[in-house]
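**Q** One structure, as structure tokens, below. Some questions next.
Just so you know, all these numbers are worked out from the coordinates, no wet-lab data involved. Owing to the predicted nature of the structure, the values given are computational and were not obtained by experimental measurement. With ideal geometry, Cβ positions are generated from the backbone for all residues, glycine too; neighbour counts draw on all protein chains shown.
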Amino acid sequence: MKRTFFAAALLLAAVAANAQVSYERLLGADREAKNWLTYSGRYSGWRYSTLNQINTGNASRLALQWAFQVSDLGQFETTPIVVDGVLYGSGQNDRAFAIDARTGRAIWRYQRNLPDKLQPCCGMVNRGLAILGNCLFMATLDAHVIALDTKTGNLVWDVTAADYHKA
Amino acid sequence: MEERLGLRMGLAASLLMLLMLFLFARVPLAAGGQEASSGDAAKAKAADAKEGASLFRANCSPCHGLGARGGGRGPDLTSGRWTHGSSDDEIFRTISQGVPGTEMPANAFEDSEILALVAYLRSLQPLSQALVAGNAGKGRKVFENAGCASCHMVNGGGGRLGPDLSRVGASRSVSYLMDSIRNPDKELSAAMSDPNNHYSVTMVYDTVTVVTAGGEKITGVAKNEDTFSVQLMTPSEELRFFLKKDLKEVVHEHKSLMPSYSESVLSQSDLEDLVAYLAALRGVESGNAKEAK
């Protein structure tokens, strides 16, 4: 019985922790300078951060603090999303990852298993993630849209957006 | 001279004896010949399995676990259940081409290496597990009532603290599932690892308690850790990251946050039903996840 209570308490705690990135937060992204909630930072698309720890005076003295290996060759053509200390990114071959932004340590990694013979126009790149609630959304090279759980990287759903054979 | 002749005759006589022995012995020897060659085949198989074992350890164990008993990502291959085909040809194809829609990649092995891997996996078959006696439908109810979903996700629904169980039936043996429920501390489940980095330390679902400089104690599941930092998920599914230089103490408890479901909490028949339900969880095919729900 005690254990049932314990489990119920965990469940309640989980529900309480559920509100992660609401639509209201996305709308008011300019009030969250420490976060980067959409591809361009906010809906106005300025790609401008009001943070000033790094500025024109010290930008030339930036030094490497950590490196994170995506474990694949290729290139990034994307902007990461940052929410409350977690950096969400995507890379070559539809990889996605969540890392501790301060240390570069991975929280989870996801890799899409892609079919052979894909010939996208501009390399096997991924152009970034979007976030809402507890889900990250990614468009894949085989023309699916998938949702990943922000905290675990688990696949939440996966739908076919188009037939990649016809590309 | 005489002596030498005698010696020679003696030699010839013994040669003749040997020849006769050989002739008489021919029939049984020939019959035994086949046994000898099948013995050779068994030896060759054993040699293949041995080579396969070392290939497996180097290439497959980061996901499938040492001894193929299942890891954080890859299925237990000793369960006797083959989700993607059980014939040698099918296993060969699974290894060489991977399984689209899962994390199993294609592999650039020589054919002989894949055959060795198949021989190794076949050599593990005697370890296959007991059948599930329970009722999966009832087990689903047990899963809901026992609060499992508060920490475990199945097909996109449920908690995040413990491992996702959407494919647990494909990846874990029945006896492992039984053990995990009755005694979660016995063998902590492996968590995220980098499939392309065979040298990384495998994280397990260990309980870690940190004590901050202010004396606050925070307990959670370690998601990652190195010399300088530790990343936790708390029971309320909060991600909390710490630099060790800011902490008074980091305690690895070497036990699971999951309560152990002893017989007083979960009867043997409920356990069997629950395991039958879990054993039937094989994930959903890519592209149909939404429709399947």
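**Q** Across region A:52-72, what is the total count of residues that are among the β-branched types (Val, Ile, Thr) and within 28 Å of residue A:107 (Cβ to Cβ)?
**A** Residues that pass the stated criteria total 2.
**Q** Residues that are among the hydroxyl-bearing types (Ser, Thr, Tyr), in a loop (DSSP other than H, G, I, E, B) and within 13 Å of chain A (Cβ to nearest Cβ): does region B:229-250 have at least one? Show your work before the answer.
**A** Start the filter on region B:229-250 by keeping residues that are among the hydroxyl-bearing types (Ser, Thr, Tyr), which leaves B:229, B:234, B:236.
Cutting the leftovers down to in a loop (DSSP other than H, G, I, E, B) gives us B:234, B:236.
Subset that is within 13 Å of chain A (Cβ to nearest Cβ): B:234, B:236.
Checking region B:229-250: at least one residue is among the hydroxyl-bearing types (Ser, Thr, Tyr), in a loop (DSSP other than H, G, I, E, B) and within 13 Å of chain A (Cβ to nearest Cβ).
**Q** I need the full set of residues from region A:116-139 which are facing another protein chain (nearest Cβ under 10 Å) and not in a strand (DSSP E or B), in order please.
**A** Once the filter is applied, which keeps residues that are facing another protein chain (nearest Cβ under 10 Å) and not in a strand (DSSP E or B), region A:116-139 yields A:116, A:134.
**Q** Can you pull out the residues in region A:81-108 that are facing another protein chain (nearest Cβ under 7 Å) and in contact with a Ser or Thr (Cβ under 8 Å, 6 or more places away or on another chain)?
**A** Those that are facing another protein chain (nearest Cβ under 7 Å) and in contact with a Ser or Thr (Cβ under 8 Å, 6 or more places away or on another chain): A:86, A:100, A:102, A:103, A:105, A:108.
**Q** Quick check on this structure: which one of A:145, A:156 is facing chain B (nearest Cβ under 8 Å) and part of a strand (DSSP E or B)?
**A** Of the residues listed, the single one that is facing chain B (nearest Cβ under 8 Å) and part of a strand (DSSP E or B) is A:156.
**Q** Report, by residue number, each residue of region B:157-189 that is of a type outside the set (A, V, I, L, M), touching a Lys or Arg at 6+ places or on another chain (Cβ under 7 Å) and over 26 Å from residue B:219 (Cβ atoms).
**A** Answer for region B:157-189, where residues must be of a type outside the set (A, V, I, L, M), touching a Lys or Arg at 6+ places or on another chain (Cβ under 7 Å) and over 26 Å from residue B:219 (Cβ atoms): B:167, B:169.
**Q** Also, I was wondering about something else. Here are A:96, A:147: which of them is under 15 Å from the mean Cα position of the chain (by Cα), crowded, with 16+ Cβ neighbours inside 10 Å and without any contact (Cβ under 8 Å) to a residue 40 or more places away in the chain?
**A** From the options A:96, A:147, the qualifying one is A:147.
**Q** Report those helices (runs of 4 or more DSSP H) wholly inside region B:76-184 carrying at least 2 residues which are free of Cβ contacts under 8 Å to residues at least 60 places away in the same chain.
**A** It comes to B:88-97, B:111-123, B:136-145, B:174-182.
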